[in-house]
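First comes the structure, then the notes that go with it.
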Amino acid sequence: MARGFLVLESGEIYQGLFRGGKSRAGEVVFNTSHSGYEEIATDPSYFGQIIVMTAPMQGNYGINSSVWESKRLWIEGFISLEIQDSERDSSWRRQLSEAGIPILSDLDTREIVLRLRDGGTPWGAIVHAEIEAEARETARSLIAEKKLMNLDWVHAVSRKEVEVRKGQRPEGPRIAIMDYGSKENILRELAARASEIAIFPSRTSAKTVKDWNPDGIMLTNGPGNPSDVVAAVETVRDLIGWRPIFGICMGNQILALALGAKTYKLKFGHRGSNHPVRDGLLGSVYVTSQNHGYSVDEATLPKDARVTHINLNDGSVAGFECAERRCFSVQYHPESHPGPHEAVRLFDYFTERLL
Amino acid sequence: MPRMSDVRKVLILGSGPIVIGQACEFDYSGTQACKALMSEGLEVILVNSNPATIMTDPEISTRVYIEPLTVPFVEKIIERERPDAVIPTLGGQTALNLALQLADQGVLKRYGVRLLGADPEVIRAAEDREIFRKILDKVGARYPKSEMVRNYQQAMDVAKTLGYPLILRPNYTLGGGGGGVAYTPDEYELMITRALRESPTSEVQVEESILGYKEFELEVMRDQSGAFVIICSIENFDPCGVHTGDSITVAPQQTLTDREYQAMRDEARKIIEEVGLATGGANIQFACHPVTGERVVIEMNPRVSRSSALASKATGFPIAKIAALLAVGYQLDEIRNDITKTTPSCYEPALDYVVTKIPRFAFEKFPGSQDILTTQMKSVGEVMGIGRTFKESFMKAVSSLENRVEGLAPVTFSEKKLSMPNSQRLFHLAQAFREGWTVSQVYAVTQISPWFLEQVQQVVSHEADVIEAKELSKDFLLKTKRLGFSDATIARLRGEKVSDIRSRRHEMGLRPGYSQVDTCAGEFKSETPYFYSSYWAKPKPAAAVSKPRVAVLGSGPNRIGQGIEFDYSCVRGVKRFQLEGRHVAMINSNPETVSTDYDTSDELYFEPLTEESVIEILDRIRPEGFVAQLGGQTPINLASKLVAHGHKLMGSSLQSIDMAEDRAQFSKICNELNLKIPAIKIPANGMAGSFEEAAAIAARIKYPIICRPSYVLGGRRMEVVENEDELQSYFERHGDYISIEEPCLMDQFLEGALEVDVDLVRGVDWSVIGGIVEHIEAAGVHSGDSMGVLPPQRLKASTCELIEEISRQLANRIGTIGHLNLQLAVQNDQVFILEANPRSSRSVPFVSKATLIPMIDLGVLASLGKKASEVQPNKYQWDKIDTVSVKGVVFPFKKFPESDSILGPEMKSTGESMGRGADYAEALLKASIASHINVPPSGEVLLSLRDRDKETMLSLARSLVGMGYRLSATSGTARFLFNEGIDCVPVKKVHEGRPNCVDRIRSGQVALVINTSSGRRAVEASFDIRRSCIDFSIPCITESHAAEALLTSLKKHRSREFTVLAQEKMI
């Protein structure tokens, strides 16, 4: 079978088997979710990233497009120790491969994870090559090329047109959704509670949103560095206080920036389905689904903001609330997919307060 | 919320003797919980009747009571100790049932004691199937259609509506006891009768079959704030229909999508909340239709369990410890993760490896029993293999089984053995692929998930490549090792020597790496040295440590003859080595044990106990020495290979081990000793490679003769033969295990002799006798199966002295350093030496607890070369104790409905209990009760005695009548009793027509049976008597000395006088 390498910009190189797709570069991150490879690969927040799955055996249960979190695969590469490739079922491997996403397997993924944990998130490339030198050469140009990409990753994945959907509760609120790379399940959860939802591109102006006159505004998840998402922050600044706002993940960070706070890059991020959070709004401790590389700096939050959610693994901010200005947000994923469902009550918390 | 301030003293209920379905996993849980609560500053009182446990060591809790787990005894303990609370969730089903009884009988209320962890309502909600079903309805969970059956007629009606096959689940039984799968009306009729009887409430849930569904288990925890986490998901390799304890299981689950898994997780949370489990751990079993994915709930246990022990070992999350802390008021987010030391416990472990558990069975020990697996658990032990992939972990688990042939040994393929679940199915599965079956063909007959089948197929198909490879290139060998092939398997496939494969591999630099079990898939740094090997990981040198390293080899899977006693030895040994300034590495493959708790040793290697894996570990950590005398026969058998590889054996040298184990050498030593002390002998003996040779030897040493193959564990294939016909039959049945190279060992059988066990420790210039255990049954019953008493009750003091003298001299002659166990028989003041074991023995924990002599600690000191001046051996005087201790025995005959319960030289018991009392009678009574013998205070005693026992049992019969028991007897015995003027009801033997003695037993008229017989034919003729006793839980004594002992305890029982005794600290 073909030889392949993961080459990190910082110089490390890992050899495995190249199982399909074509050589590509991206930010290299690891995810500790045991299941949900399809949901992860179709989550726009993984735009520009090569995913190392810590669970060693992937593709075990095949594919099913009904679980997709968007209309396409967003990841730049998929690395796992084994990927199912039997006569009976090789569908996940085939699907990635047909989409041109490189797959690297048959290597000690734990070694890579320990490197990412200790050394932080690097750029890297999965390269189809026979020898190391060749792999390094190809990786260098792939990474250089990738880095030229526009920094506003949110814009890259966001819808370019407004989309309006009927909700399932005629008596429910109308909700505007700022699409920073929304997972489909945020839309599903809101539609289930709303009479109508409108999904706006990330660079939509506050005026356009106000013209639609929603009862509440959702700021979605999305990829990349929040500091590079300039337009959205301005829009949100104008919307704060006008209508209740609920932010998730990138939405949490953009809300914080709009309130004048700062964000910082975590060493290796939080990506997995097992992160414990203390939720001061719902008054409970539960396990959450997380996927982010940046966090809100608590010290820079305005005085009227209160940290309501804490990541219990490292004490970082997992959410905050500005009660007077009627906005709150969480850094993790109450819409799960993949991951546990306890936090889904936050959608109720939000929508119940809109009417 | 911090700890409850009003709980300062807690009583923890243990699980009692090891039985099938409830084994040393509860020693693991209980020990962990005790340690956690002790470190919280609580007073911890422990009650458990099983001496072979670490939890009953005095260091583990504030005070230990080795007493029966029944209401009268526990009430006395509560009365004396006045605990604030009882924790019933750590001692398995035994503790839960006992807690319910304590509540129902008002004991808890009377003494103002609360239950922590689970209250009676919760226990009932989970255990009572009707209540549980209402809860499932409420949360919208589905379950198989079923009816609660309370009598035979209703049972027949229910069968008509549900259709066959049917699953029977008696209420409130342990390990699915009395349950099973009925495929036909005939089977159903038999099974429902038994099941109704087994359930203490005479209730059996009869269920539509979900055979072929995929089975899953979730290990969950919840705290009082409602925080809920899944510690581990487990997927069964075997589909529904096989008890989960008998299934191969895999963690984490492998074939569920995230949506399916999360839906299951949500349902688990709702069930836990509805059941009302406020804090602690529980497991919930689910089944999923393989095609539609439809999910049904099978059952839930609101306590720690065998699965939670497995889950703890699989993930590094100490469920029992956390459960104990939650029970006293903490919340999950307040308890630190032990492994990472930085993150809290309210998370869900992420695994970057796969764990496979394979059960170990003992059908061969129970002739006549059918090797078929159903919903009633039958396995006696288990192994766990950890690897980066399923294939690697599965193959490591197979190696860990310690089968005669390592790995997936070829078998003569049988389709029946493939389609019907049985202990050998795994091997037939591999064979099917070897013989060209496809995954879909195998799936059609097994319903094992195709995903698992493919994995096995991938392994098996690589066998051909290994066989055909011209030479083993480095890349090819690495690939092969990554698939989990052991050197032994590669050597077997290629017809080469294991040592050659190993040296080639080493020359290529191919060594396994050791990865950490860290609960978080590498996300956080963790210092806890809990390791598994993998050929996916790069080999790195072991971290340097400041102290000298010692490696302790464990005992592998529990099996009959090698069980928890050896784990006790290992754990206590580890602790002592640590006290002596050593950095101890523990190696073991058994997930149920205390030794495989990462908290026990300084470094834990969860690895197969095979030559290859132990050599790799020792090469990596380069210990000062390895210890082989604590883990039973498994490490003893490995010792010479490890020494040959250049590692140092601590304690007795290979030469001295050989002197004890090699019969020729040992006989020679004994004969030398005989010249010095004429009262010492060895039984007349010989070795025969064929029946003809055996017959000639028999003529010389005279019948009865005890026969056994050369290599035995737990008396496997050991029998007493009474005449030449039986000798011939012996060779016909066991000829496969006898050859010129491995001859049959034949010994003069010492009829009626008194057997004793001696455990001693010898250092360079000292020795300590731990104690002499006198067997209650006469010679002929395996030492593991006979009850024992310490100090001896019948031996003369002079004989005891002689035995001590002989033991010391033998140990000196052999050059023992550390443990030596001797089995002796005394007949007419002659002492016969039967056997020597150059290691810690099954009886060591019992002896240590009876005499308070820390035998294991002394063994460690001996191994470290400590002198008499340092050890002060004279302070250890085993005969200076003022209490009597009796070892009771527990048998699994109930689980093997076709097998005979008569005791003989082949060991059949799974566990032991201990009764300590002021005198023999009290100790005996406690040991009997603790071994679940229902000592009847009145009623009818049925006697059926062989001729030679009739005279000796006469006084016993008279005593029984004097105590008010009614007697009945089979024809011969009845005639004899009449002639002696004793009144009894004559009863027909089975072959004499009906109604006969078995009918009488089955109709419930008999309270106790004493049945002795000898000779194959008589034994077979009386089989039904013993079987019916087992089925009806009526005590059945099959040996005359045991009968006398029982009489002693009956008298005590009627006096109703007994006390409870706290264990004292060891000397």
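Only residues that are within 14 Å of another protein chain (Cβ to nearest Cβ), of a type in the set (Gly, Ala, Ser) and assigned to a loop (DSSP other than H, G, I, E, B): list them for the stretch A:247-302, please.
Correct list: A:Gly280, A:Gly283.
Just checking: which of the strands (runs of 3 or more DSSP E) contained wholly in the stretch B:143-230 hold 3 or more residues that are within 29 Å of the chain's Cα centre (by Cα)?
Where strands (runs of 3 or more DSSP E) fall fully within the stretch B:143-230 and carry at least 3 residues being within 29 Å of the chain's Cα centre (by Cα), they are B:166-170, B:180-182, B:214-222.
Hey, could you check the stretch B:784-838 for residues that are surrounded by fewer than 17 Cβ atoms within 10 Å (Cβ to Cβ) and of a type in the set (Gly, Ala, Ser) and say which is farthest from the chain's Cα centre (by Cα)?
B:Ser798
Among the residues of the stretch B:359-373, is there at least one that is farther than 30 Å from A:His270 by Cβ, of a type in the set (Lys, Arg) and assigned to a helix (DSSP H, G or I)?
Scanning the stretch B:359-373 turns up at least one residue that is farther than 30 Å from A:His270 by Cβ, of a type in the set (Lys, Arg) and assigned to a helix (DSSP H, G or I).
Given the residues B:Thr315, B:Thr389, B:Thr340, which is the only one that is at pLDDT 95 or above, more than 30 Å from B:Glu719 (Cα to Cα) and more than 28 Å from the chain's Cα centre (by Cα)?
Values: B:Thr315 fails: more than 28 Å from the chain's Cα centre (by Cα); B:Thr340 fails: at pLDDT 95 or above.
Among B:Thr315, B:Thr389, B:Thr340, only B:Thr389 is at pLDDT 95 or above, more than 30 Å from B:Glu719 (Cα to Cα) and more than 28 Å from the chain's Cα centre (by Cα).
Regarding the stretch A:114-128, can at least one residue be identified that is within 14 Å of chain B (Cβ to nearest Cβ) and of a type in the set (A, V, I, L, M)? Walk me through how you get there before you give the answer.
We begin by selecting, within the stretch A:114-128, every residue within 14 Å of chain B (Cβ to nearest Cβ); these are A:114-121.
If we keep only those that are of a type in the set (A, V, I, L, M) as well, we get A:114, A:116.
Yes, that holds for at least one residue.
Where residues in the stretch A:94-111 are part of a helix (DSSP H, G or I) and at the interface with chain B (Cβ under 9 Å from one of its Cβ atoms), which of them is surrounded by the fewest Cβ atoms within 10 Å (Cβ to Cβ)?
It comes out as A:Glu111.
Rundown of residues vs (1) within 14 Å of chain A (Cβ to nearest Cβ); (2) closer than 27 Å to B:Phe216 by Cα; (3) touching a residue at least 24 places away in the same chain (Cβ under 8 Å); (4) not in a helix (DSSP H, G or I), yes/no style:
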site: B:Leu478; (1), (2), (3), (4): yes, no, yes, no
site: B:Arg492; (1), (2), (3), (4): no, no, yes, no
site: B:Asp500; (1), (2), (3), (4): no, no, no, no
site: B:Arg505; (1), (2), (3), (4): no, no, yes, no
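Determine whether A:Leu107 is on the phi < 0 side of the Ramachandran plot, in contact (Cβ under 8 Å) with a residue 40 or more places away in the chain, touching a strand residue (DSSP E or B) at 6+ places or on another chain (Cβ under 7 Å) and among the aliphatic types (A, V, I, L, M). Before the answer, list the steps.
Working: on the phi < 0 side of the Ramachandran plot: yes; in contact (Cβ under 8 Å) with a residue 40 or more places away in the chain: yes; touching a strand residue (DSSP E or B) at 6+ places or on another chain (Cβ under 7 Å): yes; among the aliphatic types (A, V, I, L, M): yes.
Spelling it out, A:Leu107 is indeed on the phi < 0 side of the Ramachandran plot, in contact (Cβ under 8 Å) with a residue 40 or more places away in the chain, touching a strand residue (DSSP E or B) at 6+ places or on another chain (Cβ under 7 Å) and among the aliphatic types (A, V, I, L, M).
Quick check on the stretch A:323-334. Is at least one of its residues of a type in the set (D, E, K, R), surrounded by fewer than 24 Cβ atoms within 10 Å (Cβ to Cβ) and within 14 Å of chain B (Cβ to nearest Cβ)?
No, the conditions are met nowhere in the stretch A:323-334.
Please indicate, with yes or no, whether at least one residue in the stretch B:250-260 is modelled with pLDDT of 95 or more, more than 10 Å from chain A (Cβ to nearest Cβ) and touching a strand residue (DSSP E or B) at 6+ places or on another chain (Cβ under 6 Å).
Yes.
Results for (1) in contact with a strand residue (DSSP E or B) (Cβ under 7 Å, 6 or more places away or on another chain); (2) of a type in the set (Phe, Trp, Tyr); (3) more than 21 Å from B:Ala397 (Cβ to Cβ), shown as yes or no for each residue.
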site: B:Asp487; (1), (2), (3): no, no, no
site: B:Gly495; (1), (2), (3): no, no, yes
site: B:Ser499; (1), (2), (3): no, no, yes
site: B:His506; (1), (2), (3): no, no, yes
site: B:Gly513; (1), (2), (3): yes, no, no
site: B:Val517; (1), (2), (3): yes, no, no
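Test each condition in (1) more than 9 Å from chain A (Cβ to nearest Cβ); (2) farther than 26 Å from B:Pro591 by Cα; (3) surrounded by fewer than 24 Cβ atoms within 10 Å (Cβ to Cβ) for B:Asp266 and report the one that comes out false.
Evaluating B:Asp266 over (1) more than 9 Å from chain A (Cβ to nearest Cβ); (2) farther than 26 Å from B:Pro591 by Cα; (3) surrounded by fewer than 24 Cβ atoms within 10 Å (Cβ to Cβ) leaves (1) as the failure.
Every residue, every condition in (1) modelled with pLDDT of 90 or more; (2) surrounded by 14 or more Cβ atoms within 10 Å (Cβ to Cβ); (3) out of contact with any Pro (no Cβ under 8 Å at 6 or more places or on another chain); (4) basic (Lys, Arg), yes or no:
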{"position": "B:Ile705", "(1), (2), (3), (4)": "yes, yes, yes, no"}
{"position": "B:Val712", "(1), (2), (3), (4)": "no, yes, yes, no"}
{"position": "B:Gly715", "(1), (2), (3), (4)": "no, yes, no, no"}
{"position": "B:Glu719", "(1), (2), (3), (4)": "no, yes, no, no"}
{"position": "B:Glu722", "(1), (2), (3), (4)": "no, yes, no, no"}
{"position": "B:Leu727", "(1), (2), (3), (4)": "yes, yes, yes, no"}
{"position": "B:Glu742", "(1), (2), (3), (4)": "no, no, no, no"}
{"position": "B:Phe749", "(1), (2), (3), (4)": "no, yes, no, no"}
{"position": "B:Gly752", "(1), (2), (3), (4)": "no, yes, yes, no"}
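Out of (1) within 14 Å of chain B (Cβ to nearest Cβ); (2) of a type outside the set (Asp, Glu); (3) under 16 Å from A:Gly36 (Cα atoms); (4) surrounded by 24 or more Cβ atoms within 10 Å (Cβ to Cβ), the odd one out for A:Ser91 is which?
For A:Ser91, the exception is condition (4).
Considering the stretch A:1-39 alone, what residues qualify as being crowded, with 22+ Cβ neighbours inside 10 Å, within 12 Å of another protein chain (Cβ to nearest Cβ) and more than 15 Å from A:Thr109 (Cβ to Cβ)?
Selection gives A:Ser35, A:Gly36, A:Glu38, A:Glu39.
Would you check if there is a residue in the stretch A:52-71 being away from chain B (no Cβ under 12 Å) and under 22 Å from B:Gly387 (Cα atoms)?
Among the residues of the stretch A:52-71, not one is away from chain B (no Cβ under 12 Å) and under 22 Å from B:Gly387 (Cα atoms), which makes the answer no.
Residue check, A:Val52 against (1) hydrophobic (A, V, I, L, M, F, W, C); (2) under 21 Å from B:Ala537 (Cβ atoms); (3) in a loop (DSSP other than H, G, I, E, B), all met but one. Which one?
Here A:Val52 clears every test but (3).
What number of residues within the stretch B:934-955 are more than 24 Å from B:Ser1014 (Cβ to Cβ) and either among the hydroxyl-bearing types (Ser, Thr, Tyr) or not in a strand (DSSP E or B) (or both)? Give the derivation first.
Looking only at the stretch B:934-955, we keep the residues that are more than 24 Å from B:Ser1014 (Cβ to Cβ), and these are B:934-940.
Next, only the ones that are either among the hydroxyl-bearing types (Ser, Thr, Tyr) or not in a strand (DSSP E or B) (or both) stay: B:934-939.
Number of matching residues: 6.
All but one of (1) modelled with pLDDT under 95; (2) under 26 Å from B:Ile230 (Cα atoms) hold for A:Ala2; which doesn't?
(2)
Do any strands (runs of 3 or more DSSP E) entirely within the stretch B:519-593 hold 3 or more residues that are more than 14 Å from every other protein chain (Cβ to nearest Cβ) and closer than 28 Å to B:Ile853 by Cβ, and if so, which? Spell out the reasoning first.
Details: elements: B:530-534, B:549-553, B:583-588.
Where strands (runs of 3 or more DSSP E) fall fully within the stretch B:519-593 and carry at least 3 residues being more than 14 Å from every other protein chain (Cβ to nearest Cβ) and closer than 28 Å to B:Ile853 by Cβ, they are B:549-553, B:583-588.
The values are calculated or read from the model by the stated rules, or taken from the named source; none is laboratory data. Source: prediction; values computed, not measured. Here the Cβ is made from the backbone with ideal geometry for all residues, glycine too, and neighbour counts use every protein chain on show.
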